[in-house]
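Engineer: To start, I am sharing the structure in question, which I have written as structure tokens.
The values are calculated or read from the model by the stated rules, or taken from the named source; none is laboratory data. Only a predicted model underlies this, so the values are computations on that prediction, with no experimental measurement involved. Here the Cβ positions follow ideal geometry from the backbone for every residue, glycine too, while neighbour counts run over all protein chains shown. Please note that ligands, DNA and RNA were not included when accessible areas were found on the heavy atoms of the full protein model with its side chains. Shrake-Rupley method; radii C 1.70, N 1.55, O 1.52, S 1.80 Å.
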Amino acid sequence: MNTPTLASAFLETLEFPPDRFQVEAVRAIDADESVVVTAPTGAGKTVIALAGISRALGQQRRAFYTTPIKALSNQKFGELGEIYGEQSVGLLTGDNVINGDAAVVVMTTEVLRNMIYAGSSALDNLGVVILDEVHYLADVARGSVWEEVVIHLDRRVQFVSLSATIANAEEFTAWMRSRRGPTKLIQEHTRPVPLDVEYMINDAHRDEGLIVEPVFAEDSKRPNPNIVRLLKRGRGKHRRFRTPRRREVVEELSGRGLLPAIIFVFSRAGCDQAARDIARARLGLTDSEERRYIRGRAEQLTAHLSPEDLAVVGYETWLANLESGVASHHAGLVPAFKETVEDLFVSGHLQVVFATETLAMGINMPARSVVLEKLSKFTGEGHDLLKPGDFTQLTGRAGRRGIDTQGTAVVLHTTHVPFDRVAAIAAAGSHPLRSSFRPSYNMVVNMIANYEQSRAEQLLQASFAQFTAQARSESLGSRLAALENDIATWKPLATCQRGDIRSWADAHNRAADVAHLLDGFASRLEIGDVLERPALGDQFPDRWVVLARGYGAAPKITLLSEDGTVRRVPPASLGATIALVGEIDVPEPFRPNDVRYQRQLGSQLRLWRSGDREPVTISLDAPADEAAVVACPEFDAHLEALRHLRRAEKDVRRLQRRAERADTTVVDAFHAMMRLLEEREFIQGWNLRPSGERLRLVYNELDLVLSEALDQGLFDDLSGSEFAAFASVFVYEPRRVDLGGGPPSRTVHERVDLLWDIVDAVQTAEQRHELAISREPEVGFAELAHGWVAGAHLEDLFSEADDVVGDFVRTCRQVLDLLRQIRDAYPDLAEVATEAIAGMDRGVVAAGGRA
């Protein structure tokens, strides 16, 4: 068979006729083009990936299938093994290696990035890379990895990039084309199973209670006027409408034949409680034969866990819920529980799964219906509305291809999100893909090792971040020019010969009291402004940075303190002694609701020093020439011109700040990192010192701090359990509360104290070089890591039915990955690292590596 038709030949083996977009993509692959495929969940993007793999194998070349998460890698490993044979498929996930030399290898994207930097021979005969869930490129913590792969991998390797629908697919494809050569965008907007989007309300005035109506008016994307009118009638002091109860929802879905269903609840505790409540309600979702199968299958899939471990993770309650046809699914469950829930749901034995949004990330669990309890979720500091793309991803689970003729998505009424916002989010369908790319210290030393300086800088300029920044910069320039023309027009018209019209407006647009002055002061604040005021007890620290500003005459201000505390306050709470003392360059991409981002900005604020700017304070003084200004016959015209002028000046300041950030290129950040690394003796010019060679092998968010800790001997002379405990501070990030306590021994405590000296030095250097501030290590897992490696049992560490055991397992797997890195990169520490690995990779943690 000729090479050009290998992918198309795969389509002929299908048991169903391929869709138009699949044929179009496969033809492009046969033409040796890369492809970017955006299509709804369940549309059949995997068929295109398989065609690309089959073409590579037909050319006697290898194929790599990359995914963002280990669970999806495991699932794809199983699926591809069934298609190509177990001996032909391998798995590499950082903590799991199976048949790594196979012709087809499934891996997390980080593994491929690490191969590229290491110059692995595994890349020599690589024909195609599948980038599944490529929209993960926008992830603030890990998105850079996708760009590194696209930028650095040999240009001869074909890319098949798969994504849910994104709003700027043409822009993303243009970037891919600039890096990978001929690349075709394939878009499919039609779902394979049509979707009805409904709105469910509990109406206290109706005997039957529930009202279910389409979100959209017939044959349009406009809000359903029936719902709009209904909700208006329900206004008043007596609350007529409320959110339907979970039991009501399940009974409604069951009565309409809309089970099985996934009900998204953005809370782990909420998922678990919902599963228990529905199980106790005995709604008859399963019969005796189904219950026997469920019990047998659950026992089979959890047989590798000891009875003691099962008791700690609440096995009996979990199993009773399963037998009732109900389960929860979230990151706090041990992997075996999640795997069992997925298995039973796909096989049709579970009728209702209450899940957090993590279920939407690629895992193949289609349902007949999907319910969203809310369109907002708590971020740790506040509530954020779902983005349109997130809504599409979640509701994409509704409608099983080949089983259902219609999928149903149901949004529950809540007073927190107006119905018009619900309809707008549901109608939008997608949001733009934004780059999160920024260099890391590890990236810097690897680029020095692999490229000449001019070539490295060329590659950095080729990032999606730089590609989009250039386009934004050109747009900003045009907008600034137009605003400057507006200012030139309005400025003479806003000038009064009889006095200062600005001073008059400042005094009289606000009443002569502190509250109104503060409203005006707050309305002029912008993101990044730094405020100072005397401390008032424990309520306000001395210094804050503006993180967000509301709208209107008296906008609420979201403030971030040096210690990372976030407060949203009305202007009156600022007090009359508040002063605007300067501004800080907020890190890009701007993620004001991300806890890690807030910590980073707080650290930057702590190191910030004001320049020569004169502080702006509250003043109650009125202009001396007030009477003359008011007497001017053109007074009203001056005020109107001033209003336009100030709006244009404000827009110019905003766009100039955006332009300044856009002008700070990725290469600038790279050079700043080089200067810092040279100061700290990791590099010398464009050459690596021994410490820089070791930094190449450290893949960790705190790569520089970790490398310095290793080089300065902070890991020396520790026991295996202390070694694991100290390693954990570099990977653990608390999501709610710490899983454990602090340093478990005096020795570890001393090493943590020494580590803080390194952290302070690195952060100070980063501030001096105007770099993003590295996050701080977290000691909250050290006690658990120490106890587990020392031989503790699960019941010694957790109370019965603790809902964080899944977090414990996942964090242990992350620590194991770091321990293996240290073992391989630092021969002097290999023995103790191996001891720590043996102590940690056991029991429920070892089982987590298989799931």
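Engineer: Amide H to amide H, which residues 5 or more places from Lys184 or on other chains are under 5 Å from it, using H placed in the peptide plane?
Structural biologist: Excluding prolines and chain starts, which carry no amide H, the hits are Ser34, Val35, Val36.
Engineer: Report the full-extension gain for the segment Arg455 to Leu480: residue separation times 0.36 nm, less the Cα-Cα distance, to one decimal in nm.
Structural biologist: Separation in residues times 0.36 nm, less the Cα-Cα distance, equals 5.7 nm.
Engineer: Starting from the Kirkwood Rh over alpha-carbon pairs, what translational D in µm² s⁻¹ does region 1-77 have by Stokes-Einstein at 37 °C and 0.692 mPa s?
Structural biologist: In µm²/s, the coefficient is 250.
Engineer: Tell me which lysines have Cα within less than 19 Å of Lys338's Cα, excluding those fewer than 8 residues away on the same chain?
Structural biologist: Cα-Cα hits under 19 Å: Lys70, Lys76.
Engineer: Loop only per DSSP, at most 12 neighbouring Cβ atoms within 10 Å: give me the GluC sites (Glu not before Pro) in region 305-347, ordered by residue number.
Structural biologist: Here no loop site has a sparse enough neighbourhood.
Engineer: For region 123-128, what does the Karplus curve 6.51 cos²θ - 1.76 cosθ + 1.60, with θ = phi - 60°, yield as ³J(HN,Hα) per residue in whole Hz, taken in order and with x for Gly and Pro?
Structural biologist: 8, 4, 10, 7, x, 8
Engineer: Which trypsin sites (Lys or Arg not before Pro) in region 2-76 sit in a loop by DSSP (not H, G, I, E or B) and have at most 13 other Cβ atoms within 10 Å of their own Cβ?
Structural biologist: Counting only loop positions with at most 13 other Cβ atoms within 10 Å, none of the trypsin sites (Lys or Arg not before Pro) in region 2-76 qualifies.
Engineer: Okay, next question. Which of the listed residues, Leu350, Val97, Ile487, is farthest toward the dipole's positive end in the chain, when Lys, Arg count +1 and Asp, Glu count -1 at the beta-carbon?
Structural biologist: Ile487
Engineer: Using the Cα gyration tensor of region 280-394, with a ≥ b ≥ c the square roots of its eigenvalues, what is the shape: rounded (a/c below 1.5), prolate (a/b larger than b/c) or oblate (neither)?
Structural biologist: Prolate, because a/c is 1.5 or more and a/b exceeds b/c.
Engineer: With N denoting the number of residues in region 250-293, provide Rg(C-alpha) divided by 2.2 N^0.38 Å, to two decimal places.
Structural biologist: Ratio of Rg to 2.2 N^0.38 Å for region 250-293: 1.27.
Engineer: Here is a follow-up. Tabulate in residue order the Karplus-calculated ³J(HN,Hα) for region 303-312, using 6.51 cos²θ - 1.76 cosθ + 1.60 with θ = phi - 60°, rounded to whole Hz; enter x for Gly and Pro.
Structural biologist: Rounded to whole hertz, the list is 5, 7, 8, 6, x, 5, 5, 4, 5, 5.
Engineer: Along region 753-760, what does the Karplus equation 6.51 cos²θ - 1.76 cosθ + 1.60 (θ = phi - 60°) give for ³J(HN,Hα), rounded to whole Hz, x for Gly and Pro?
Structural biologist: Result, rounded to whole Hz: 4, 5, 4, 5, 4, 5, 4, 4.
Engineer: Still on this model: Can you spot the lysines whose alpha carbon is less than 16 Å from Lys374's alpha carbon? Ignore those fewer than 8 places along the same chain.
Structural biologist: Lys387
Engineer: Strictly greater than 43 Å: what percent of every Cα pair in the chain meets that?
Structural biologist: 38 percent
Engineer: Within straight cross-link reach of Lys556, meaning Cα distance under 21 Å, which lysines are found once same-chain residues fewer than 8 apart are removed?
Structural biologist: Excluding near neighbours in sequence, the set is Lys377, Lys650.
Engineer: Related question: Provide the per residue accessible area, probe 1.4 Å, for the chain, rounded to a whole number of square angstrom.
Structural biologist: Result: 43 Å² of accessible area for each residue.
Engineer: Quick one: Cα centre-to-centre distance for region 33-71 and region 281-295, in angstrom?
Structural biologist: So the two Cα centres are separated by 38 Å.
Engineer: Hey, can you grab everything whose amide H is under 5 Å from the amide H of Gly44? Only 5+ residues off in sequence or another chain; H modelled, so Pro and N-termini drop out.
Structural biologist: Here nothing satisfies the definition.
Engineer: Right, next: Per residue, what volume in Å³ does the Cα convex hull of region 693-851 take up?
Structural biologist: 116 Å³
Engineer: A further question on this structure: If amide H atoms are built 1.01 Å from N in the plane of the peptide, which residues on other chains or at least 5 residues away come under 5 Å of the amide H of Glu776?
Structural biologist: Excluding prolines and chain starts, which carry no amide H, there are no hits.
Engineer: Still on this model: Calculated from DSSP H runs of 4 or more alone, at -39500 (n - 2.57) each and per residue, what is the 222 nm mean residue ellipticity of the chain, nearest 500?
Structural biologist: -14500 deg cm²/dmol
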